[in-house]
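Reviewing the structure listed below.
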Protein chains: 2
Amino acid sequence: MKMRDVARRAGVSPATVSRVLNGVPTVGEEHRRRVLRAIEELGYRPNRLASNLRRQKAEMIGVVVSDIENPHFTGMVRAVEDAAYRKGYRVLLCNTDETPQKQRSYLEVLAAERVLGVILSPSDPEDEEIGELLDLGIPVVAFDRTVADPRADAVVVDNVGGVRAATRRLVAAGHERIGFVGGSEGIETGSGRLAGYREAMLEAGLEPRVAHGGFRIEGGWEATRRLLSEGLTALVVGNNLMTIGALRALREMGLRVPRDLALVAVDDPFWAELVEPPLTTLAQPVREMAGCAMRMMLERISGERSEPRREVFEFELRVRGSCGTA
Amino acid sequence: MKMRDVARRAGVSPATVSRVLNGVPTVGEEHRRRVLRAIEELGYRPNRLASNLRRQKAEMIGVVVSDIENPHFTGMVRAVEDAAYRKGYRVLLCNTDETPQKQRSYLEVLAAERVLGVILSPSDPEDEEIGELLDLGIPVVAFDRTVADPRADAVVVDNVGGVRAATRRLVAAGHERIGFVGGSEGIETGSGRLAGYREAMLEAGLEPRVAHGGFRIEGGWEATRRLLSEGLTALVVGNNLMTIGALRALREMGLRVPRDLALVAVDDPFWAELVEPPLTTLAQPVREMAGCAMRMMLERISGERSEPRREVFEFELRVRGSCGTA
DNA sequence: CTGAAAGCGCTTACAG
DNA sequence: CTGAAAGCGCTTACAG
């Protein structure tokens, strides 16, 4: 069952069938009707593999995230999928597990499939495959973290400013021994958040106390235990997964929040208000960011824009019970 | 840059280049080397769009879930992606938002793209598009819920038995006024869980008290408020999202768990042990189920099997603090 | 073991 | 407004 069969039945050429299917306006009313009827009667479905080859592109957008189980990325994926679906694009979702090798392999697939564009939350910002995509004319929008190639667009959050503000708040509440559970210094969100914490501590004349948890639950647990052995009164945790680890550690050590320890967490997962006490968090405007990334992507796909753009969003400090100053 | 260019440079025919690329064993060592070198020197990358058309299939597996933000499905997606990646397949992820229309539209895309197979957690089990996929020779594995078409495989959990066991446990602990926050009766997991609850109540001579929350946070909140106005001592909640709503409702009403109300929740999201008290849950073996679905899919793709199979997994009751009998 | 040739099913520039 | 024809870049049955 192919276009030729439809054409024969409708008494037109395959070219006309193709035009009808693609909404080309210059088709006679009578022909259009006959084609539509033939399609209906035959139950014809166009073979997209053929049109992909002919057009040298697949009507899909690649979304590459480093951890699909992290609610932060899930929220973003959801928002992007929503926006893409409404525009008639489908989403090819790839999970890189924070490994450069898996990222590269997925980007190669996306290039080979000639997707319309890639929204990438990079595990490896230096990946040369990013340049290959851009060389092929496939736009890349970096999300959450920027990439090395200057031709890519970026949608990020002000990590330094957000964590600085959160730390300042703890300082203002009278805390002096404030710890920071950092992610990885090698990752931009990690170094930025750490820098924000450092700035706030140094400007207040306080000594920074840092341990790294690699953005993972286990790491957050370990880092928290290490930091608490020094005797802190407040803690800032660098992302939602490490916060889970931190909460476990606190429970094991019998510490009560906020009485024994004030807590502020980066990211605002839905469970932040379920725990006792509810967590004070730095929330990223994920939906707005996803919408922005999608708009940038569409501008690129439609060729409206060629100069790279970079959009920076602000965190919102959501004060709840855990910081003790609600 | 195409195969012909590589062939020319290596001094062979395009057919030989294709054979080298596809690992066809009958290529002379010398030719293989020359081809590999030419590929290297030219930085050649095969155009997958062309091979997809020629082979009439895309090396991808479609995964269709009804709610990507539900940790239950996220865990499954992750496990499937893992397994698929290791087998060399990529995953096209689709989110149907529990709407039959979006499901149909995505299944159409997957059919048009001639994916190797579809793992589907159906919003609409009657969707005729499922039959179309099977007609095209594209295997369908139903996950979490079965589908109407008997040719599809299925990987499900014993909803009736799981909830019956959980309810019995509450009965055995002496509870008589036990409520149930159900999902939707129209959805198999909803009706099965409800049936399990009913059975346990009736066999104990107790009166069932049910409200439906549509598997959504808001719905869980409303249903819980409605049920609690009757004065309960125990509650079974039908999935993890409604549990979030239930916990909110309990907090608002000033009820303490498990003193004022014993709680058992279906699904075992990672935050179940973060709340106070930790939740007693019915955990699905999501990773095992995903592994099973993937194995079924691979059997189909390789043509090893043609009779439909149905695999039923058991819930595991994880007793923690919230049911009051830990 | 290797190559020439056909063909996968569309789309589109071109001619009328 | 419409059709004949070329071509997207591979793969593979066939012949040698």
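The values are calculated or read from the model by the stated rules, or taken from the named source; none is laboratory data. Since the model is a prediction, treat every value here as computed from it, not as a measurement. Every residue, glycine as well, gets a Cβ built from its backbone with ideal geometry; the counts of neighbours run over all protein chains shown. To get the accessible areas, we keep the full protein, side chains included, count just its heavy atoms, and leave off ligands, DNA and RNA. Shrake-Rupley method; radii C 1.70, N 1.55, O 1.52, S 1.80 Å.
With a 1.4 Å probe and all protein chains left in place, how much accessible area per residue does the protein assembly as shown have, in Å²? Write out the running numbers ahead of the final one.
Working: 26860 Å² over 652 residues.
Per-residue value: 41 Å².
Give the nm distances, rounded to one decimal, from A:Arg305 to the matching residue in every other copy, measuring between label points 7 Å along Cα toward the beta carbon; shortest first.
Copy-to-copy label distances at A:Arg305, shortest first: 5.0 nm.
How many Cβ atoms of partner chains, on average, are near each residue of B:88-97 if near means within 10 Å of its Cβ? Intermediate results must be reported in sequence, preceding the final value.
On the way: counts 1, 0, 9, 6, 6, 10, 6, 7, 1, 4.
Mean partner-chain Cβ count within 10 Å for B:88-97: 5.
Using DSSP, restrict attention to beta bridges with both residues in the protein assembly as shown and report what percent are antiparallel, rounded to the nearest 5. Working shown, then result.
On the way: 6 of 78 bridges.
About 10 percent, rounded to the nearest 5.
When the dipole is taken about the Cα centre of chain B, and only Lys, Arg (+1) and Asp, Glu (-1) are charged at their Cβ, what size is it in debye, to the nearest 20? Mind showing how you got there, number by number?
On the way: 45 positive and 47 negative charges, 321 e Å.
Here the size comes out at about 1540 debye.
Roughly how much accessible area, to the nearest 100 Å², goes out of reach of solvent when A and B pair up, both sides summed, probe 1.4 Å?
Values: alone 15880 and 15870 Å², together 26860 Å².
Summed over both sides, the interface buries about 4900 Å².
Once you wrap a convex hull around the alpha carbon atoms of the protein assembly as shown, what is its projected area averaged over all directions, in nm²?
Working: hull surface 133.6 nm².
That works out to 33.4 nm², a quarter of the Cα hull's surface.
Among A:Pro258, A:Gly220, A:Ala15, whose Cα lies farthest out toward the positive end of the dipole of chain A, if unit charges sit on the beta carbon of Lys, Arg (+1) and Asp, Glu (-1)?
It is A:Ala15, whose Cα lies furthest towards the positive end.
Assign unit charges at the C-beta atoms only (+1 for Lys and Arg, -1 for Asp and Glu), then state the dipole size of segment B:3-46 relative to its Cα centre in Debye, rounded to the nearest 20. Mind showing how you got there, number by number?
Details: 9 positive and 5 negative charges, 18 e Å.
That gives segment B:3-46 a dipole magnitude of about 80 debye.
Considering only B:Leu49, B:Phe315, B:Asn70, whose Cα is most displaced toward the positive end of the charge dipole of chain B, charges sitting on Cβ of Lys, Arg (+1) and Asp, Glu (-1)?
B:Leu49
Within a 10 angstrom radius of each residue's Cβ in A:48-57, how many Cβ atoms of other chains show up on average? Whole number is fine.
Working: counts 9, 13, 4, 3, 8, 8, 2, 1, 3, 1.
Partner Cβ neighbours, averaged per residue: 5.
Note down the nm distance, to one decimal, between modelled labels 7 Å out along Cα→Cβ at B:Asp260 and at A:Glu276.
1.1
Take the Cα atoms of segment A:269-317, find their three principal axes, and give me the spread along each one in whole Å, biggest first.
Dimensions of segment A:269-317 along the principal axes of its Cα atoms: 50, 15, 9 Å.
Would you be so kind as to identify which of A:Leu232, A:Ala283, A:Val80 lies farthest towards the positive end of the dipole of chain A, taking Lys and Arg as +1 and Asp and Glu as -1 on Cβ and the Cα centre as origin?
Final value for the positive-end residue is A:Val80.
What's the average, rounded to a whole number, of partner chain beta-carbon atoms within 10 Å of each residue's beta-carbon in A:193-206? Mind dumping the intermediate values first?
Working: counts 0, 0, 0, 0, 0, 0, 0, 0, 0, 0, 0, 0, 0, 0.
Averaged over the peptide's residues, the number is 0.
Hey, got the dipole for the protein assembly as shown? About the Cα centre, +1 on K and R Cβ, -1 on D and E Cβ, debye to the nearest 20? Can you show the working numbers first?
Details: 90 positive and 94 negative charges, 350 e Å.
So the magnitude is around 1680 debye.
Output the pairs from A:Lys87/B:Lys2; A:Lys57/B:Lys102; A:Lys2/B:Lys87; A:Lys2/B:Lys102 with a Cα-Cα distance over 30 Å in this structure; if there are none, say none. Walk me through the numbers on the way to the answer.
Values: A:Lys87/B:Lys2 32 Å; A:Lys57/B:Lys102 23 Å; A:Lys2/B:Lys87 32 Å; A:Lys2/B:Lys102 26 Å.
Over 30 Å apart, Cα to Cα: A:Lys87/B:Lys2; A:Lys2/B:Lys87.
Label-to-label distances across copies for A:Gly161, with labels 7 Å out along Cα→Cβ, in nm, shortest first?
5.7
Express in Å², to the nearest 10, the accessible area of A:Leu279 obtained by rolling a 1.4 Å probe over the protein heavy atoms while all chains stay in place.
10
Using the 7 Å Cα-to-Cβ label point, sort the distances from B:Gly291 to its equivalents in the other copies shortest first and give them in nm to one decimal.
From this label point to the equivalent ones elsewhere in the assembly: 4.3 nm.
At 222 nm, what helix-only mean residue ellipticity would the protein assembly as shown give, in deg cm²/dmol to the nearest 500, using -39500 (n - 2.57) for each DSSP H run of four or more? Intermediate values should be presented prior to the final figure.
Numbers: 24 runs with 290 residues, N = 652.
That comes out to -14000 deg cm²/dmol.
I'd like the distance separating the alpha-carbon centroids of segment B:138-163 and segment A:283-313, in whole Å.
Each part reduced to its Cα centre gives a spacing of 39 Å.
Based on DSSP H assignment, which helices of chain B show an axial Cα extent of at least 15 Å together with a mean Kyte-Doolittle hydropathy greater than or equal to 0.5? Kindly include the intermediate steps, with their values, before the conclusion.
Details: long enough: B:29-42 (20 Å, -1.22); B:71-86 (22 Å, -0.29); B:100-112 (18 Å, -0.55); B:159-172 (20 Å, 0.24); B:188-203 (22 Å, -0.65); B:217-228 (16 Å, -0.38); B:240-252 (18 Å, 0.33); B:286-301 (22 Å, 0.33).
Qualifying helices: none.
Please sort A:163-169, A:173-179 by packing, taking for each peptide the average over its residues of neighbouring beta carbons within 10 angstrom, highest first.
Values: A:163-169: 22.3, A:173-179: 18.0.
Top to bottom by mean Cβ count within 10 Å: A:163-169, A:173-179.
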